[in-house]
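Asks: Got a structure here, written out as structure tokens. Questions coming.
The values are calculated or read from the model by the stated rules, or taken from the named source; none is laboratory data. This is a predicted model, so every value here is computed, not measured. Cβ atoms come from the backbone with ideal geometry, glycine included; neighbour counts cover every protein chain shown.
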Amino acid sequence: MSKIVVLGAGVSGLAAGILLRRDGHVVTVLERDQEPVPTSPEEAWERWSRDGVTQFRQAHYLTSRGREVLQQELPDVVAGLRGAGAATFDPLWLMPPSITDQTPRDGDERFWTITARRSTVEQVLARVADAEPGLDVRRGVTVNRLVARAYNDTPHVTGVCADTGEQFDADVVVDAMGRRSPLPNWLAKAGARPLHEEVEDSGFIYYTRFYRSGTGAMPEFRAPLLTHIGTFSMLTLPSDQATWSVTLYTSAGDRPLKRLREPASWSALVRSCPLHAHWLDAEPMTGIMAMGGVLDRYRRPMVDGRPVATGIALLGDAFACTNPSLGRGMTLGLLHARPLAAVVRAHLDDPQEFADAWDAVTEAELTPWYRETVEEDRERLLEIEALRRGMQPRLARNDTGALRAALLAALPQDPDAFRALLAVRGCLALYRDVAGDEQLVQRVVELAQGSERMPPPGPDREQLLGLLDRAPAAA
């Protein structure tokens, strides 16, 4: 049996550890944070310290594709989420009444999902991992370097060392340490060439507040989960135990909107949006939680067709991470973890073959999602900047952006356009997949050209600034 060390006991790391163990490998998961797994979702929310996870108590959502992977590969986790009171949500509930054909279709079952607070998802997954026979999850272990030897003029990782001096040998080391993974520094100290890295600030800042229902009922959905309203965006996400989050996010460089850190200003803006105001009719669970400085980062340990090191596999956010507003992070981590066992099974005996195979899987299944997400973020920031300057946003600069704009314009009239956008939002299809349906694209473009531009469901820029000026200042 192969020995595998997984670094990081977040969602991606635990999922990978469970799947690898169930495939017959000896698996050790090492986690820096030392606190034990709480016994309940509420204890996890209130007291679980997860310093290694920046977004642990921020807004969270599991897309349709993420639910699909869990249901197929880790059904016991889905059962645990149900037992924890996770919300079942079907985006088809959001189909606007202006679409006259509301008939259910074959394949609609792919859209539903089950979702919960990040703390609840990780608590449920961690309890499944702790109960998995033979899976060794060690918390409070700080790894500080790789153990490596030479292989074909390239470092070959054979394990890791903890700051206590304890060494963990492995046939492969899986980096599931997330957005802040120190792996590039460790590789450099092991004598590896620099890996390929692309990094930029996503350009957004988020202001989130959680609420709990007093009746056990969720608010009525009167708008999409994500709604762009002029120079800000609104994100309303269902969660577990009759809780939900409301997030306002905007350009990090929009200084007047920094006042959204203040509860009075934040609430006044949400209240000014007629399709969203009722989401505040409940008991707040938190203050306004701000999160900025979120990076879009892509790392590839394959340079000029050669791995910078062998014996490693970058997983999930350690490979690529984007801004969280599209809710793709956990889904892509799960999607990445699923093929790892097959690649290990088929190629672990040959370090070069393993590196090539894992790179091929990653580039085919994960990188396109990263590219499309970053592209969409850039388009949205350009739109915000134009509106801040009092200008009309220019048309999308590429085919993907043009298709996205056409789908948004056509979906109030066309059930196929609506489902196509749901598929993209749910990580069930890329825009390039939608573009392959020529008949759909032609119809969507025609509908978009004939549609009237709808006013945003909230204040324009002038109204927004006036509203913030009138809101009580923070004490």
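Asks: Just need a number here: residues in the range 152-168 that are charged (D, E, K, R) and in contact with a Ser or Thr (Cβ under 7 Å, 6 or more places away or on another chain). Talk me through it step by step, then tell me what you get.
Replies: Filtering the range 152-168 for residues charged (D, E, K, R) gives 153, 163, 166.
Still in the running and in contact with a Ser or Thr (Cβ under 7 Å, 6 or more places away or on another chain): 163.
The number of residues fulfilling the criteria is 1.
Asks: Within the group Val445, Val434, which residue is touching a helix residue (DSSP H, G or I) at 6+ places or on another chain (Cβ under 7 Å), of a type in the set (A, V, I, L, M, F, W, C) and crowded, with 18+ Cβ neighbours inside 10 Å?
Replies: Working: Val445 fails: crowded, with 18+ Cβ neighbours inside 10 Å.
Val434 is the lone residue from the list that is touching a helix residue (DSSP H, G or I) at 6+ places or on another chain (Cβ under 7 Å), of a type in the set (A, V, I, L, M, F, W, C) and crowded, with 18+ Cβ neighbours inside 10 Å.
Asks: List the number of the failed condition for Thr400; all other conditions in (1) under 23 Å from Phe111 (Cβ atoms); (2) more than 22 Å from the chain's Cα centre (by Cα) hold.
Replies: (2)
Asks: Still on this structure, I have one more. So Thr54 clears everything in (1) surrounded by fewer than 24 Cβ atoms within 10 Å (Cβ to Cβ); (2) within 23 Å of Trp112 (Cβ to Cβ); (3) of a type in the set (S, T, N, Q) except one condition, right? Which one?
Replies: Single failed check for Thr54: (2).
Asks: So which residues in the range 379-418 are free of Cβ contacts under 8 Å to residues at least 12 places away in the same chain and in a helix (DSSP H, G or I)?
Replies: Those that are free of Cβ contacts under 8 Å to residues at least 12 places away in the same chain and in a helix (DSSP H, G or I): Ala386, Ala402.
Asks: Just checking, how many residues over the range 271-330 are touching a residue at least 24 places away in the same chain (Cβ under 8 Å) and farther than 19 Å from Val199 by Cα?
Replies: Going through the range 271-330 one residue at a time, the tally reaches 27.
Asks: Continuing with the same structure: Can you tell me how many residues within the range 81-128 are in a loop (DSSP other than H, G, I, E, B), touching a helix residue (DSSP H, G or I) at 6+ places or on another chain (Cβ under 7 Å) and over 20 Å from Pro219 (Cα atoms)?
Replies: 2
Asks: Which of (1) closer than 23 Å to Arg425 by Cα; (2) touching a strand residue (DSSP E or B) at 6+ places or on another chain (Cβ under 9 Å) is the odd one out, the single condition Thr103 does not satisfy?
Replies: Single failed check for Thr103: (2).
Asks: Charged (D, E, K, R) and more than 22 Å from the chain's Cα centre (by Cα) - does that describe any residue in the range 432-442? Step through it out loud before you land on a result.
Replies: First, pick out the residues of the range 432-442 that are charged (D, E, K, R): 432-433, 437-438.
From what's left, more than 22 Å from the chain's Cα centre (by Cα): 437-438.
Among the residues of the range 432-442, at least one is charged (D, E, K, R) and more than 22 Å from the chain's Cα centre (by Cα), which makes the answer yes.
Asks: Residues that are modelled with pLDDT of 95 or more, surrounded by fewer than 22 Cβ atoms within 10 Å (Cβ to Cβ) and among the acidic types (Asp, Glu), at least 2 per element: which strands (runs of 3 or more DSSP E) completely within the range 186-244 meet that?
Replies: Values: elements: 196-201, 204-212, 226-229, 232-238.
Because the criterion is at least 2 residues that are modelled with pLDDT of 95 or more, surrounded by fewer than 22 Cβ atoms within 10 Å (Cβ to Cβ) and among the acidic types (Asp, Glu), the strands (runs of 3 or more DSSP E) in the range 186-244 that meet it are 196-201.
Asks: Sort out which residues of the range 374-400 are under 13 Å from Ala435 (Cβ atoms) and crowded, with 19+ Cβ neighbours inside 10 Å, and write them in order of number.
Replies: Passing the criteria: only Thr400.
Asks: Could you say which residue among Val53, Val29, Val37, Val78 is assigned to a helix (DSSP H, G or I), of a type outside the set (S, T, N, Q), in contact with a Lys or Arg (Cβ under 9 Å, 6 or more places away or on another chain) and at negative phi?
Replies: Val78
Asks: Could you give me the residue pairs with C-beta distances under 6 Å whose first residue belongs to the range 445-468 and is in contact (Cβ under 8 Å) with a residue 40 or more places away in the chain and under 15 Å from Pro256 (Cα atoms), whose second residue is among the charged types (D, E, K, R) and surrounded by 15 or more Cβ atoms within 10 Å (Cβ to Cβ) wherever it lies, and which are 6+ apart or on separate chains?
Replies: Here the result reads Leu468/Arg259, each pair linking the range 445-468 to a residue that is among the charged types (D, E, K, R) and surrounded by 15 or more Cβ atoms within 10 Å (Cβ to Cβ).
Asks: Could you run through the range 299-345 and say how many residues are in a loop (DSSP other than H, G, I, E, B), within 30 Å of Met234 (Cβ to Cβ) and not aromatic (Phe, Trp, Tyr)? Walk me through it before giving the result.
Replies: Filtering the range 299-345 down to residues in a loop (DSSP other than H, G, I, E, B) leaves 301, 304-305, 308-309, 311, 315, 319, 322-323, 327-328, 338-339.
If we keep only those that are within 30 Å of Met234 (Cβ to Cβ) too, we end up with 319, 322-323, 327-328.
Remaining after also requiring not aromatic (Phe, Trp, Tyr): 322-323, 327-328.
Total meeting the criteria: 4.
Asks: Among the residues of the range 110-138, how many are under 25 Å from Ala59 (Cα atoms) and not hydrophobic (A, V, I, L, M, F, W, C)?
Replies: Narrowing the range 110-138 to residues under 25 Å from Ala59 (Cα atoms): 110-129.
Narrowing further to those that are not hydrophobic (A, V, I, L, M, F, W, C): 110, 113, 115, 117-120, 122-123, 127.
Here the count works out to 10.
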